[in-house]
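Visitor: Quick one: this structure, given as structure tokens, is what I'll be asking you about.
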Amino acid sequence: MGEPKKVILTCAQPTGVLTMGNYLGAVKNWASMLGSYQCFFGVVDQHAITTKYVPANLRKNTLSCVAQYIACGLDPKQANLFIQSHVTGHTELAWLLSCLTPIGELQRMTQFKEKVAQLGFKASDNEDVTSELKFSHSGSRAQSSINAGLLMYPVLMAADILLYNADAVPVGSDQRQHLELCRDLAQRFNHTYSDTFTIPEPFIPKSGARIMSLQEPASKMSKSDANQSATLYILDDPDVLRKKIMSAVTDSGSEIKVSEDKPGVSNLLQIHSLLSGTSMTELELHFTGQGYGALKQEVADVVVAAMEPVQARYSELIKDKGYLESVLKDGADAAQQRAYKMLSKVYRKAGFVERPR
Ligand code: TYM
């Protein structure tokens, strides 16, 4: 018998349709790992309630996210697909880890500060955001917008990973800091009690780890961008995809090459390269002497062709609730089994009395 397969775990929030960033930076890579690893892919509905949301949309988006996962190639026969709230243990382990996490560490997390800023509050490196808000004139607005869950977000994410004792976590580069905190917490737990958790490795792809906005190529492509033409969604109609790509912001000059001073063109070349499998150098050669219009046209063709089978598969899957539920049942059973074992071990180490049987 060979070595047991290493375990990877990763997740996405069910906040709507996956973006081309989620697809190229994450889900497409996860699909390439099937078979080589024991895979756990979660839809983190408990993370999705840290900002304002509508329950009916969350329910719809969660199921849709599972269908999108499968349509993008995450074969449930080769991976465990599960919904976070179906597995008890995520929030329980998060509580334990929160008792090892200084509040200051959470207040310094970049994504927390960005979210706080998005909600309209000032947050700089040295500020204690939460205490500032307590005394601000808009205290009641602050308390309703910035909840403890938002601050605790990275602890819950660490729990997601450590609950499965994952060896590696494939993510885009925006999750790097959260992964660092997870590794710190695992080490802190091991040091405080005794060796328990594997320290998970981040798997951040060399290319595609950060797909940029089509309208502001200095920022990442994001689901929550107010400017909808900045973001390609994998389920956008072909003509919408084309329109967004044709109106993408490009750079001064006319040469088509990958360069720091050409973030718009580099991003389009990156998207083309990852979807078509053509190297960036080959693409630069191919576009020599051509203009930005030709580049956009070809990127649009490549994107539409790549999304066509994904969209066709999605529209079949989303109609088949019975199938999606059976996938989720199997996924939850497998996830729960592994999670339960780990949580029992953690509770024992932490000094909790075992429940008499
Ligand atoms: P989420 O839902 O924002 O994104 C899911 C995955 O997509 C990647 N990603 C991108 N990659 C490249 N370019 C982009 N523009 C881009 N936008 C998003 C993200 O890096 C991520 O890999 N906190 C996580 C969800 C989470 C999680 C976890 C991840 C909760 N628990 C445990 C891993 C392990 C998040 O909000 O991802």
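The values are calculated or read from the model by the stated rules, or taken from the named source; none is laboratory data. What you are looking at is a predicted structure, and each value in this text was computed from that prediction instead of being measured. A quick note on method: Cβ atoms are made from the backbone with ideal geometry, for glycine too, and the neighbour counts reach across all protein chains shown. The protein model used for the area step is the full one, side chains on, heavy atoms only, and it has no ligands, DNA or RNA in it. Shrake-Rupley method; radii C 1.70, N 1.55, O 1.52, S 1.80 Å.
Visitor: Given only helices, namely DSSP H runs of n ≥ 4 each adding -39500 (n - 2.57), what is the per-residue ellipticity at 222 nm of the chain, to the nearest 500 deg cm²/dmol?
Guide: Values: 14 runs with 177 residues, N = 357.
Using -39500 (n - 2.57) per qualifying helix, the result is -15500 deg cm²/dmol.
Visitor: Where only protein heavy atoms count, and the probe is 1.4 Å, what is the accessible area per residue for the stretch 228-316 in Å²?
Guide: Computed with neighbouring chains in place, this is 48 Å² per residue.
Visitor: Still on this structure, I have one more. Given the C-alpha atoms of the chain, compute the convex hull and give its volume per residue in Å³.
Guide: 172
Visitor: Separate question: With label points built 7 Å along Cα→Cβ from the Cα atoms of E308 and Q177, find their separation and express it in nm.
Guide: Inter-label distance under the simple model: 4.2 nm.
Visitor: Given Cβ point charges of +1 (Lys, Arg) and -1 (Asp, Glu) and nothing else, what value in debye, to the nearest 20, does the dipole of the stretch 228-316 about its Cα centre take?
Guide: 120
Visitor: A further question on this structure: Once you wrap a convex hull around the alpha carbon atoms of the stretch 252-357, what is its projected area averaged over all directions, in nm²?
Guide: Working: hull surface 51.3 nm².
Averaging across all directions leaves 12.8 nm² for the Cα convex hull.
Visitor: Among V265, T231, Q290, whose Cα sits farthest toward the positive end of the charge dipole of the stretch 228-316 (+1 at Cβ of Lys/Arg, -1 at Cβ of Asp/Glu, about the Cα centre)?
Guide: T231
Visitor: Would you give the gap between the C-alpha center of the stretch 3-46 and the C-alpha center of the stretch 341-357, rounded to a whole Å?
Guide: Centre-to-centre distance over Cα atoms comes out at 29 Å.
Visitor: What FRET efficiency comes out for the pair V353/E255, r = Cβ-Cβ distance, R0 = 51 Å, nearest 0.05?
Guide: 0.15
Visitor: I've got another one for you. Go through 9-20, 239-250 and give me the packing order, highest mean Cβ count within 10 Å leading.
Guide: Top of the packing list down: 9-20, 239-250.
Visitor: Give me the one-decimal nm value for the distance between modelled label points at E105 and K341, 7 Å along each residue's Cα-to-Cβ direction.
Guide: It is 2.7 nm.
Visitor: Still on this model: What does the highest-first list of 187-195, 308-316 look like by mean Cβ count within 10 Å?
Guide: Packing proxy ranking, top to bottom: 308-316, 187-195.
Visitor: A further question on this structure: Along Cα→Cβ, 7 Å out, is where each label goes; now give me the distance between the ones at M246 and Y193 in nm to one decimal.
Guide: According to this spin-label approximation, the distance is 5.9 nm.
Visitor: For the stretch 14-59, state which chymotrypsin sites (Phe, Trp or Tyr not before Pro) are in a DSSP loop and have at most 16 other beta carbons lying within 10 Å of their beta carbon.
Guide: Here the chymotrypsin sites (Phe, Trp or Tyr not before Pro) that fit, given the DSSP loop and packing criteria, are Y53.
Visitor: At a 1.4 Å probe radius, carbon and sulfur cover how many percent of the accessible area of the stretch 228-316?
Guide: 53
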